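The values are calculated or read from the model by the stated rules, or taken from the named source; none is laboratory data. Remember, it's a predicted structure, so these values are computed and weren't measured experimentally. Reconstructed Cβ throughout: ideal geometry from the backbone, glycine too, with neighbour counts over all protein chains shown. Surface accessibility is based on the protein's heavy atoms, side chains included, excluding ligands, DNA and RNA. Shrake-Rupley method; radii C 1.70, N 1.55, O 1.52, S 1.80 Å.
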Amino acid sequence: MASDNLIDGRAIADQINEETRRQIEALRERGTPPGLVFVRVGEDPASRVYVGMKEKTCARLGIESRTEVLPEDTPERELLKLIAALNADPAAHGILVQAPLPPQINEAAIFAAVSPNKDVDGFHPLNVGKLLLGDGGGFVPCTPAGVHQLLIRSGLETSGAEVVILGRGNIVGKPMAAILCQKAEHANATVTLCHSRSSDIAAHCRRADILIAAMGVPEFVKADMVKPGAVVIDVGVNRIADPAAKNGSRLVGDVDFAGVQPVAGRITPNPGGVGPMTIAMLMANTARAAAMATGMDPATLQEN
Ligand code: GUN
């Protein structure tokens, strides 16, 4: 397999993590070890894996983290109580409630209950609003922020580019569109947001200079939907049945990688593309939350 057109998410995430590690070191020297609390409700296997991976990266970079695990049948008011306690805990600079939540809990109500200053997920309505307004003072959701960094650090021009995003979810699609349509450096794209009711998605895709797949349909993007030379970013993580696999299933993205790679100009592998970037941006957001909590200008951390 030729690999010269791959966007190496692991290498770029390592670079960002090293920058964040230095910021964390500076915060620790000033008496503020950054703290992040994960909240998990129930035992969703994917959520367990994701939170476990995030915790490991915290430990590696010097962020103090812990996970609060609540039972699957936890009422919404109990989770709200825990969030209120964490909002008041000065050692918790960041709070991350892992989605999806069980059906008795209103996800939007939970995200709105997290203090916007501790909202390292960028899901609080205030931070969502700031992102849309182009106010850089809020927290940006980690996955679209990670995709943005992949583009920037790979030297891929977004200004004037036709960007087609597949998927209009609150975690990836919508904030991704908000980031790239801003009148700002590394943005200024013409953004098309496709979704389940879009007519002729393939025609939209074929126009894209940058195609970002985040709709959660296994291997949806095929070679004939990609303009030769286009940049293809695969955000999807889908478990599909595979009788040949050890546990009867395997993970695939939203892009048919084997088919699309020869057509694309640049493409993210999956795994090893967007995934490590999501975690890297969470670490960066947490360092920033800790800096803000101490009244420090987060920008001054960059110089360390
Ligand atoms: N579930 C899938 N992605 C995310 C994420 O970025 N943050 C949280 N909290 N839950 C998720």
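General remarks:
- The C-alpha atoms of the chain define a longest principal axis, and helix 9-29 lies at about 20 degrees to it.
- The apolar share of the surface of the chain, taken as the fraction of accessible area on carbon and sulfur atoms (1.4 Å probe, ligands and nucleic acids excluded), comes to 54 percent.
- Cα-based Rg of the stretch 1-85 normalised by 2.2 N^0.38 Å, two decimals: 1.43
- Taking the three principal axes of the alpha carbon atoms in the stretch 84-202, the coordinate ranges are 45, 32, 23 Å, sorted in descending order.
- Listed cross-link partners K81/K118; K174/K222; K54/K81; K183/K222 are compared with a 27 Å cut-off, the Cα-Cα value being larger for K183/K222.
- Rolling a 1.4 Å probe across the protein heavy atoms gives the stretch 1-135 an accessible surface of 50 Å² per residue.
- Computed over the alpha-carbon atoms, the stretch 259-302 gives an Rg to Rh ratio of 1.29, Rh here being the Kirkwood radius from the mean inverse distance.
- Counted charge near E55, where neighbours are those whose Cβ lies closer than 13 Å (Asp, Glu -1; Lys, Arg +1): +4
- Computed over the stretch 20-136, Kirkwood Rh from alpha-carbon pairs, angstrom: 15.0 Å
- Derived value for the stretch 156-220: Kirkwood hydrodynamic radius 11.8 Å. Basis is the mean of 1/r over every pair of different alpha-carbon atoms.
- Coordinate range of the alpha-carbon atoms in the stretch 188-304 per principal axis, descending: 51, 42, 29 Å.
- Dividing the alpha-carbon radius of gyration of the stretch 239-282 by the rule-of-thumb value 2.2 N^0.38 Å gives 1.40.
- Per residue, the Cα convex hull of the chain amounts to 138 Å³.
- Hydrodynamic radius (Kirkwood) for the stretch 44-89, which is based on Cα pairs only, to one decimal in Å: 12.2 Å
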